[in-house]
């Protein structure tokens, strides 16, 4: 499974993803006469920064994708045709509908697409195939039917997918803590947002076998020059080291 988290702010977009992928299949009787599923865990990139454009992360069941339809290959082959984040969203949507085609038998899959337009406006999109993920009691019968969907995420919102049932209570707790104690958790600090996204994914991975691996976290700035941090295994996000690195970099400019 997956945990991907994206924060949408006017002057920054933070996107994070784990890298563990699960493959499950039922062997034939010559291999295993119990008919029990065999599960294999390995790592797969689920987040793709695109310099001068933005970033894409993906969630869901991608285990059946043919090699020639791999998203990284598709993105690389179309990079010279993508000039801004809105065009990136169009190309990702095309891949979802025409190449991946999850309606033919995959599970729910989707993408976060974030970046800044040349005008400086931030964008964060969610496009996916599956049921609507609104909370009860707002769901209608149509919402429960898997289909292709897509929408932009408003500024000052958090978008998360994968193990939603685990991410949601953690974010709700943080929001309540901020509201009742006046402690500013989601302040306008990109490094703290990166550390928070990384922590939520790493924390969940301690309890869920199908979430984990290296965790990739990117800060997309208004110039669409992504800054990324990879934490390996259970390593703690290097907040102070990153801040020092960026300060030193600023001094050299």
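Being in contact with a helix residue (DSSP H, G or I) (Cβ under 8 Å, 6 or more places away or on another chain) and in a loop (DSSP other than H, G, I, E, B) is the filter here; which residues of segment 42-55 pass it? If you could, list the steps in order and put the result at the bottom.
Filtering segment 42-55 for residues in contact with a helix residue (DSSP H, G or I) (Cβ under 8 Å, 6 or more places away or on another chain) gives 45, 48, 50, 53-54.
Hits for segment 42-55 are 45, 53.
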(request) State whether the residues of segment 220-232 include one that is closer than 20 Å to residue 2 by Cβ, surrounded by fewer than 20 Cβ atoms within 10 Å (Cβ to Cβ) and in contact (Cβ under 8 Å) with a residue 40 or more places away in the chain. (result) yes
(request) Please give the number of the condition residue 133 fails out of (1) surrounded by 11 or more Cβ atoms within 10 Å (Cβ to Cβ); (2) without any contact (Cβ under 8 Å) to a residue 40 or more places away in the chain; (3) part of a helix (DSSP H, G or I); (4) out of contact with any strand residue (DSSP E or B) (no Cβ under 7 Å at 6 or more places or on another chain). (result) (3)
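Going through 123, 149 one at a time, which residue ends up being out of contact with any helix residue (DSSP H, G or I) (no Cβ under 6 Å at 6 or more places or on another chain) and either surrounded by fewer than 19 Cβ atoms within 10 Å (Cβ to Cβ) or part of a strand (DSSP E or B) (or both)? Lay out the reasoning, then the answer.
Details: 123 fails: out of contact with any helix residue (DSSP H, G or I) (no Cβ under 6 Å at 6 or more places or on another chain).
Within the list 123, 149, the selection yields 149.
Within segment 92-114, which residues are part of a helix (DSSP H, G or I), in contact with a strand residue (DSSP E or B) (Cβ under 9 Å, 6 or more places away or on another chain) and surrounded by 14 or more Cβ atoms within 10 Å (Cβ to Cβ)?
Once the filter is applied, which keeps residues that are part of a helix (DSSP H, G or I), in contact with a strand residue (DSSP E or B) (Cβ under 9 Å, 6 or more places away or on another chain) and surrounded by 14 or more Cβ atoms within 10 Å (Cβ to Cβ), segment 92-114 yields 92, 93, 95, 96, 97, 100, 102.
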(request) Could you please give the count of residues in segment 136-185 that are more than 26 Å from residue 121 (Cα to Cα) and in contact (Cβ under 8 Å) with a residue 60 or more places away in the chain? (result) 4
(request) Would you confirm whether any residue within segment 24-36 is under 17 Å from residue 2 (Cα atoms), surrounded by fewer than 18 Cβ atoms within 10 Å (Cβ to Cβ), modelled with pLDDT under 65 and touching a strand residue (DSSP E or B) at 6+ places or on another chain (Cβ under 9 Å)? (result) yes
(message) For segment 80-128: of the residues being in contact (Cβ under 8 Å) with a residue 60 or more places away in the chain and over 15 Å from the mean Cα position of the chain (by Cα), which is farthest from residue 49 (Cα to Cα)?
(response) 120
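When the residues of segment 56-76 are narrowed to those that are outside any strand (DSSP E or B) and in contact with a strand residue (DSSP E or B) (Cβ under 7 Å, 6 or more places away or on another chain), which ends up modelled with the lowest pLDDT?
The initial filter retains those residues of segment 56-76 that are outside any strand (DSSP E or B), namely 61-76.
Okay, now just the ones that are also in contact with a strand residue (DSSP E or B) (Cβ under 7 Å, 6 or more places away or on another chain), so 61-63, 71-72, 75.
Details: 61: 73, 62: 66, 63: 61, 71: 87, 72: 88, 75: 92.
The selected residue is 63.
Name the one entry in 243, 202 that is in contact with a strand residue (DSSP E or B) (Cβ under 7 Å, 6 or more places away or on another chain), part of a helix (DSSP H, G or I) and free of Cβ contacts under 8 Å to residues at least 60 places away in the same chain.
Working: 243 fails: in contact with a strand residue (DSSP E or B) (Cβ under 7 Å, 6 or more places away or on another chain).
Step by step, each of 243, 202 is checked, and only 202 is in contact with a strand residue (DSSP E or B) (Cβ under 7 Å, 6 or more places away or on another chain), part of a helix (DSSP H, G or I) and free of Cβ contacts under 8 Å to residues at least 60 places away in the same chain.
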(request) Take segment 152-189 and flag every residue that is at positive phi, touching a strand residue (DSSP E or B) at 6+ places or on another chain (Cβ under 7 Å) and not in a strand (DSSP E or B). (result) 156
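Answer with yes or no whether residue 230 is assigned to a strand (DSSP E or B) and within 20 Å of residue 44 (Cα to Cα). Working first, answer last.
Numbers: assigned to a strand (DSSP E or B): yes; within 20 Å of residue 44 (Cα to Cα): yes.
Answer is yes for this residue.
The values are calculated or read from the model by the stated rules, or taken from the named source; none is laboratory data. None of these values were measured; they are calculated from a predicted model. When we count neighbours, we look across all protein chains shown, and the Cβ atoms used for this are built from the backbone with ideal geometry, even at glycine.
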